[in-house]
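All of the numbers you see were taken from the coordinates with simple rules; none came from a lab. Please read these numbers as outputs of a predicted model, since none were measured by experiment. Please note: Cβ atoms are built from the backbone with ideal geometry, for glycine as well, and neighbour counts cover all protein chains shown.
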Amino acid sequence: MTMQTDKMLSEMVRVKAAVDKLILNDFLPKSSPIWEVDLLYKMLRDYPTRPAKGMRALMCVSACKAFGGVEDDVLTTAACIEIFQHWILIHDDIEDESEMRRGSPALHKKYDWRLALNAGDALHALMWGALLQNKKRLTDDKTLRVLEEFYTMVSKTTEGQHIELGWVVGNRWDLTEQDYITMCTNKTSWYTVIGPMRVGGVVGGADSASMKLIVEAGKKLGVGFQIHDDILNLSGDQSKYGKEIGDDLLEGKRTLMLIRLLALCSDAEREKVMSYFKLSRDRRKKEAPQVMDLIEKYDTIDYARRMSSRLVNEARAMLGDANWKDGAEPAEAVDCLDAVARFAVERDW
């Protein structure tokens with residue numbers, strides 16, 4: 001039986017509460033007599049206390065249980081997935097000059113950007129320290145394998161981020177849809193799907209064939225998730241989405257919709273779009289509706305939506321071939337993973 005979305009969301013809230021408790025009570029320092037360090041600790045707790053989905057933690061826990069593992073054994077690892085998300089977003093917001101994150105000013109807007117950058121570095125270090133706590137529940141082999149998976153996840157994510165930043169810094173526009181997919185596979189798929197599911201698989205005892213399958217299915221699911229996220233950035237409800245709508249246009253993000261637009265539009269329209277990205281951020285805010293008119297003219301949002309749905313459905317079918325553990329609890333965990341995959345392209349936040 002397929003798990004309903006509301007039941008999956010309830011499970012997501014439950015798991016997030018459990019990992020947040022670990023993060024805030026066990027892994028993050030609370031106070032210091034030194035004023036500057038006390039401020040650092042306050043900043044470390046900022047993003048973890050803002051509203052967020054906790055989707056990656058749920059995928060980690062569900063994958064572990066689907067392979068026959070025990071939830072208590074994987075909670076530390078799932079919490080570290082969330083810590084990874086927090087520090088990488090701090091850095092991402094600085095690099096993209098984002099204004100908002102999760103409904104509030106980005107950390108570098110709330111504080112000095114240098115303090116925010118250092119807070120991200122501190123969270124990164126705390127993530128590795130927290131991962132070492134796995135030695136209390138896991139074998140040395142599994143503890144080391146989880147660390148190795150995190151190393152791969154961090155490496156892939158930063159490679160993908162560097163590709164995207166390189167496009168902006170190098171003023172690259174000669175991009176194809178495959179270029180976008182390659183970037184998203186590294187930047188998004190590894191830390192949104194592949195990494196969380198593989199570390200859950202390590203703790204749960206997944207076989208090598210299933211671990212390889214997670215990579216291939218996770219690539220598709222992660223790209224589908226990112227395309228949908230890009231769609232929400234252009235057309236979502238800001239009160240639900242948590243970031244400024246149209247922020248990707250202001251930041252010059254090379255989204256699938258924009259790459260598709262540039263491939264279809266006339267030379268004059270392309271020149272108009274290129275001129276837009278030469279403007280200052282404030283000027284872009286005023287001129288953004290003109291670019292949105294072209295995006296609507298060539299129907300690139302609907303094109304992106306169809307591709308996102310196709311990729312996610314392909315991923316769901318592939319995951320059906322994993323060697324999941326028999327039993328009621330693993331079966332429910334598999335259903336939960338499938339519900340998360342559907343949610344990836346149905347959500348409005």
Can you compute the modelled spin-label distance between LYS272 and LYS212, with each label point 7 Å from Cα toward Cβ, in nm?
5.0 nm
Among LEU264, TRP349, PRO330, whose Cα lies farthest out toward the positive end of the dipole of segment 257-349, if unit charges sit on the beta carbon of Lys, Arg (+1) and Asp, Glu (-1)?
LEU264
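Apply the a/c threshold of 1.5 to the C-alpha gyration tensor of segment 23-98 and tell me whether it is rounded, prolate or oblate.
Oblate, since a/c reaches 1.5 and b/c is not below a/b.
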Provide, for segment 235-341, the number of lysine pairs with alpha carbons under 28 Å apart, each pair being eight or more places apart or on different chains.
22
Rank these for me by crowding, LEU28, LEU58, going from fewest to most other beta carbons within 10 Å.
LEU28, LEU58
At a 10 Å Cβ-Cβ cut-off, how would you order TYR303, TYR151, TYR180, fewest neighbours first?
TYR151, TYR303, TYR180
Stretch gain in nm, segment ASN118-TRP349, where the contour uses 0.36 nm per residue and the Cα spacing is subtracted:
80.3 nm
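Please report the relative contact order for segment 1-91, taking Cα pairs under 8 Å with a sequence separation of at least 6, and give it as a percent rounded to a whole number. Intermediate values should be presented prior to the final figure.
Working: 67 pairs, mean separation 29.8, N = 91.
Computed over segment 1-91, the figure is 33 percent.
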Can you compute the FRET efficiency between TYR151 and VAL70 using 1/(1 + (r/R0)^6), with r the Cβ-Cβ distance and R0 = 25 Å? Round to the nearest 0.05.
0.55
Using a simple spin-label model with points 7 Å from Cα along the Cα→Cβ vector, what separation in nm is obtained for ALA17 and THR49?
1.9 nm
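Can you compute the equivalent ellipsoid semi-axes for the chain, i.e. the square root of 5 times each eigenvalue of the Cα gyration tensor, sorted largest first and rounded to whole Å?
Equivalent-ellipsoid dimensions as semi-axes: 33, 26, 17 Å.
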Do the sum for the chain: with -39,500 (n - 2.57) for every DSSP H run of n ≥ 4, divided by all residues, what is the mean residue ellipticity at 222 nm, to the nearest 500 deg cm²/dmol?
-23000 deg cm²/dmol
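Provide CYS60, CYS336 in ascending order of the number of other Cβ atoms located within 10 Å of each residue's Cβ, fewest first. Intermediate results must be reported in sequence, preceding the final value.
Numbers: CYS60 29, CYS336 23.
Final ranking by Cβ density, sparse to dense: CYS336, CYS60.
Restrict the search to segment 117-194; then list the GluC sites (Glu not before Pro) that DSSP places in a loop and that have at most 14 other Cβ atoms within 10 Å of their Cβ. Provide the component values of the computation, followed by the final result.
On the way: sites: GLU148, GLU149, GLU159, GLU164, GLU177; in loops: none.
Sparse-neighbourhood loop GluC sites (Glu not before Pro): none present.
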To one decimal place, what orientation-averaged projected area in nm² is obtained for the convex hull of the Cα set of segment 225-339?
9.0 nm²
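Starting from 0.36 nm per residue, how many nanometres of slack lie between ASP26 and LYS7 once their C-alpha separation is accounted for? Could you put the intermediate results ahead of the total?
Values: separation 19, 0.36 × 19 = 6.84 nm, distance 2.83 nm.
Residue separation times 0.36 nm, minus the Cα-Cα distance, leaves 4.0 nm.
In percent, what relative contact order does the chain have, based on Cα pairs under 8 Å that are 6 or more apart in sequence?
Details: 481 pairs, mean separation 81.3, N = 349.
Rounded, it is 23 percent for the chain.
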Estimated inter-spin distance, GLN290 and TRP35, nm [label 7 Å along Cα→Cβ]
4.9 nm
